[in-house]
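*Asks:* Take a look at this one; I'll ask things after.
The values are calculated or read from the model by the stated rules, or taken from the named source; none is laboratory data. Everything numeric in this text was worked out from a predicted model, so none of it was measured. Ideal geometry is used to build each Cβ from the backbone, glycine not excepted, and the neighbour counts take in all protein chains shown.
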Amino acid sequence: MFLLKVRKDRLEEYKRRHESYGRKCARRLAKPGGTTIVFLRDDGLLVGYLETPDFSQALKQMAEREVNARWQASMRPFSRNWKDAGRTRA
């Protein structure tokens, strides 16, 4: 699970980008054997949850995918603290 706060002034743009590119990215990232579920509140709190039989292996495989690097880089401007976004393991 991971948490971050999307900047309110970028919230609508984040939603548009996530709808268009995020779905394609999620499908490619799901191939390592997991499903990512994202909840976004109106105040910008984003909760991400990865369902997978092997969390560590799924993270390793995602880190190796170029599509993940592109997505992370494109989303960096939407949060003040994307780098230190309080990623946690559930």
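*Asks:* Could you tell me how many of the residues in segment 49-83 are in a strand (DSSP E or B), of a type outside the set (Gly, Ala, Ser) and surrounded by 15 or more Cβ atoms within 10 Å (Cβ to Cβ)?
*Replies:* 1
*Asks:* Of everything in segment 12-25 that's buried (at least 17 other Cβ atoms within 10 Å of the Cβ) and either farther than 18 Å from Ser79 by Cα or at pLDDT 85 or above (or both), which residue is farthest from the chain's Cα centre (by Cα)?
*Replies:* Taking segment 12-25 and keeping what is buried (at least 17 other Cβ atoms within 10 Å of the Cβ), we get 14, 18, 22, 25.
Now narrow it down to the ones that are either farther than 18 Å from Ser79 by Cα or at pLDDT 85 or above (or both): 14, 25.
Working: Tyr14: 11, Cys25: 9 Å.
This residue is Tyr14.
*Asks:* Of the numbered conditions (1) closer than 17 Å to Asn68 by Cβ; (2) at pLDDT below 85, Leu46 satisfies every one except a single condition; which is it?
*Replies:* (2)
*Asks:* Now for a different question. So, in segment 39-48, of the ones that are surrounded by 14 or more Cβ atoms within 10 Å (Cβ to Cβ) and in contact (Cβ under 8 Å) with a residue 40 or more places away in the chain, which residue ends up nearest to Glu13 (Cα to Cα)? So that I can check it myself, show each step before the final result.
*Replies:* Keep residues of segment 39-48 that are surrounded by 14 or more Cβ atoms within 10 Å (Cβ to Cβ), which gives 40, 44, 46, 48.
Adding the requirement that they be in contact (Cβ under 8 Å) with a residue 40 or more places away in the chain leaves 46, 48.
Details: Leu46: 14, Gly48: 18 Å.
So the residue we want is Leu46.
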